[in-house]
């Protein structure tokens with residue numbers, strides 16, 4: 001266990017043959033952990049969680065012995081409680097959602113250092129997230145590549161990076177705008193989060209493939225682990241390098257009238273979180289479902305606020321590559337941010353793919 005989930009102690013519950021019903025355990029575990037995650041959610045949403053839990057519970061009594069269903073549900077609830085207790089031991093990560101924007105963080109001031117932008121700049125987002133405990137114990141040993149050295153001279157490597165962002169956006173083609181907005185996921189209340197987008201992709205892919213249920217569970221687990229650890233590694237890099245965003249550079253050194261297509265996120269540029277999330281999740285999904293998996297992503301289908309029409313792909317790697325490139329088209333990242341994010345994500349994804357999980361044992365349990 002110490003190669004992943006360091007410090008976590010699973011419940012010491014054993015079942016005899018015929019005494020365990022997995023659907024009841026999953027139903028109870030999800031319902032319980034959601035109550036922990038969203039204690040202040042609107043009452044109607046909390047009630048929906050309760051209704052769904054009870055609906056599934058009633059159906060279990062028609063499929064297995066009531067005592068087995070109740071015992072399995074109790075086990076699922078205990079697993080959720082154990083996971084939550086383990087989460088509470090992570091000082092930086094457990095309640096991070098309560099202080100996303102740190103008003104007390106002192107941002108470094110230097111040439112090329114990131115500073116909040118816009119008419120109403122937000123404080124830095126999660127400046128200490130790089131200290132969160134990772135799921136995979138050795139991810140903090142991953143070495144980041146240094147970005148191109150900051151320079152203001154036309155023709156320099158850094159200037160060229162910024163000039164690419166400026167050139168592709170002046171103006172954006174219809175196709176490039178579609179790609180940029182399709183992958184943005186930067187608007188709370190309107191879109192998913194960048195990492196949540198890959199859960200949506202996993203949902204669609206698993207629904208299409210209909211693999212054996214043990215593989216479904218494993219794919220969700222590994223995708224979530226990869227996304228979480230990718231965020232930790234990337235955020236550690238962001239606040240180590242503190243690199244300013246293209247908008248700041250372009251306005252100062254290329255065109256003072258230029259604006260990114262969307263608001264620039266309130267944290268440093270290098271490396272790209274979107275690219276890392278895509279790289280990490282695509283490795284897991286490719287291992288689970290194949291390298292030539294065709295999928296039409298309908299995550300934002302029919303949303304009128306932006307270019308949301310579904311796009312089709314021949315592989316998860318293709319999706320991850322376009323997701324990374326979209327950040328340049330959107331005007332919020334340099335190419336080097338996206339290339340490094342994608343590289344880091346793939347490394348993390350492979351580490352998660354190689355975890356010694358017990359899929360065969362799970363398959364045996366499901367047959368009982």
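The values are calculated or read from the model by the stated rules, or taken from the named source; none is laboratory data. As the structure is a computational prediction, the values presented were derived from the model and not from experiment. When we count neighbours, we look across all protein chains shown, and the Cβ atoms used for this are built from the backbone with ideal geometry, even at glycine.
Give region 180-191 a look and list any residue that's closer than 16 Å to residue 333 by Cβ and surrounded by fewer than 20 Cβ atoms within 10 Å (Cβ to Cβ), or say none.
Within region 180-191, the first condition is being closer than 16 Å to residue 333 by Cβ, and the residues that meet it are 180-186.
Within region 180-191, just 186 meets the criteria.
For region 263-282, what are the residues that are in a loop (DSSP other than H, G, I, E, B) and in contact with a helix residue (DSSP H, G or I) (Cβ under 6 Å, 6 or more places away or on another chain)? Break it down into steps so the answer makes sense when it comes.
Going through region 263-282, the residues in a loop (DSSP other than H, G, I, E, B) turn out to be 263-272.
Of everything in region 263-282, those that are in a loop (DSSP other than H, G, I, E, B) and in contact with a helix residue (DSSP H, G or I) (Cβ under 6 Å, 6 or more places away or on another chain) turn out to be 264, 267, 268, 269, 270, 271, 272.
Table: residues versus (1) assigned to a helix (DSSP H, G or I); (2) within 27 Å of residue 244 (Cα to Cα); (3) in contact (Cβ under 8 Å) with a residue 60 or more places away in the chain; (4) not assigned by TED's automatic domain parsing to the domain that holds residue 233.
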{"site": "284", "(1), (2), (3), (4)": "yes, no, yes, no"}
{"site": "306", "(1), (2), (3), (4)": "no, yes, yes, no"}
{"site": "317", "(1), (2), (3), (4)": "yes, no, no, no"}
{"site": "320", "(1), (2), (3), (4)": "yes, yes, no, no"}
{"site": "323", "(1), (2), (3), (4)": "yes, yes, yes, no"}
{"site": "332", "(1), (2), (3), (4)": "no, yes, yes, no"}
{"site": "337", "(1), (2), (3), (4)": "yes, yes, yes, no"}
{"site": "350", "(1), (2), (3), (4)": "yes, no, yes, no"}
{"site": "355", "(1), (2), (3), (4)": "no, no, yes, no"}
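Mind telling me which of the residues 200, 195, 149, 184 ends up being under 19 Å from residue 340 (Cβ atoms) and either within 17 Å of the chain's Cα centre (by Cα) or not assigned by TED's automatic domain parsing to the domain that holds residue 243 (or both)? Lay out the reasoning, then the answer.
On the way: 200 fails: under 19 Å from residue 340 (Cβ atoms); 149 fails: either within 17 Å of the chain's Cα centre (by Cα) or not assigned by TED's automatic domain parsing to the domain that holds residue 243 (or both); 184 fails: under 19 Å from residue 340 (Cβ atoms).
Residue meeting the stated conditions: 195.
Can we say residue 9 is part of a helix (DSSP H, G or I) and surrounded by fewer than 17 Cβ atoms within 10 Å (Cβ to Cβ)? Break it down stepwise before answering.
Details: part of a helix (DSSP H, G or I): no; surrounded by fewer than 17 Cβ atoms within 10 Å (Cβ to Cβ): yes.
The answer is no for residue 9.
Does residue 25 meet the test of being over 24 Å from the mean Cα position of the chain (by Cα), under 28 Å from residue 354 (Cβ atoms) and not in a loop (DSSP other than H, G, I, E, B)? It would help to see each step written out before you state the result.
On the way: over 24 Å from the mean Cα position of the chain (by Cα): yes; under 28 Å from residue 354 (Cβ atoms): yes; not in a loop (DSSP other than H, G, I, E, B): yes.
Here the answer is yes, as residue 25 does meet what is asked.
State yes or no: is residue 41 outside any helix (DSSP H, G or I) and either within 19 Å of residue 13 (Cα to Cα) or under 22 Å from the mean Cα position of the chain (by Cα) (or both)? I'd like the intermediate steps shown before the answer.
Values: outside any helix (DSSP H, G or I): yes; either within 19 Å of residue 13 (Cα to Cα) or under 22 Å from the mean Cα position of the chain (by Cα) (or both): yes.
Yes; evaluated as a whole, the condition is true for this residue.
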